[in-house]
Amino acid sequence: MAQKFKASYDLEGDVLTLYRENTQVKESLEVAEDLIIDLDKNQKMISLELLDAYKFLHTLNERITKKMLQEVEEVEVEVKNYRNYLIITLFFKYNNQVIAEKLPAFSSTDFTSPLLVSA
């Protein structure tokens, strides 16, 4: 089931941040070179930070533009777990359209939280 996340796009840095308000981060995970997710105490994703966001998303889907990223205020995010792979789909509502983009799947066993390593 998709959940609504607030969206913030930094044009100069090309960083898209999706976040849920009034939540507390327990750990941050760098799951890919340009993708960082924050989890709460129940291991639920509460924020996502995508570096080089326009470059990456526009490569996947040419309908995703810088203007769209700047204007969108909310994005629905669906996270599925399949055989230790996390599959994240972003649903952008823009100009009376829904643009769905699935991020490449990544193994949830390929990363270790820096917080756990330092403990």
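Things to note:
- Per residue solvent-accessible surface (Å²) - the range 5-66, probe of 1.4 Å: 60 Å²
- Cβ-based net charge around K41, under 12 Å, with every Lys or Arg adding one and every Asp or Glu removing one: -1
- Computed over the range 23-91, the percent of Cα pairs more than 16 Å apart is 56.
- Only helices enter the 222 nm calculation for the chain: every DSSP H run of n ≥ 4 contributes -39,500 (n - 2.57), and dividing by all residues gives -3500 deg cm²/dmol, rounded to 500.
- Accessible area of I87 in the full protein assembly, 1.4 Å probe (Å², nearest 10): 40 Å²
- Around E76: net Lys/Arg minus Asp/Glu count, Cβ-Cβ under 10 Å: 0
- Taking label positions 7 Å along the Cα-Cβ direction at both K102 and N61, the computed distance is 1.2 nm, reported to one decimal.
- Label corresponding to Cα extents along the principal axes in Å when calculated from the structure given, among (1) 46, 38, 21; (2) 45, 29, 28; (3) 41, 25, 20: (2)
- Counting only protein heavy atoms and a probe of 1.4 Å, the accessible surface of the chain is 46% carbon and sulfur.
- The trypsin sites (Lys or Arg not before Pro) of the range 1-53 that meet both conditions, a loop assignment by DSSP and at most 13 other Cβ atoms within 10 Å of the site Cβ, are K41, K44.
- Assuming charge only on the beta carbon of Lys and Arg (+1) and of Asp and Glu (-1), the dipole of the chain about its Cα centre is about 480 debye to the nearest 20.
The values are calculated or read from the model by the stated rules, or taken from the named source; none is laboratory data. Since the model is a prediction, treat every value here as computed from it, not as a measurement. Please note: Cβ atoms are built from the backbone with ideal geometry, for glycine as well, and neighbour counts cover all protein chains shown. All accessible areas refer to the heavy atoms of the entire protein, side chains included, with ligands and DNA or RNA removed. Shrake-Rupley method; radii C 1.70, N 1.55, O 1.52, S 1.80 Å.
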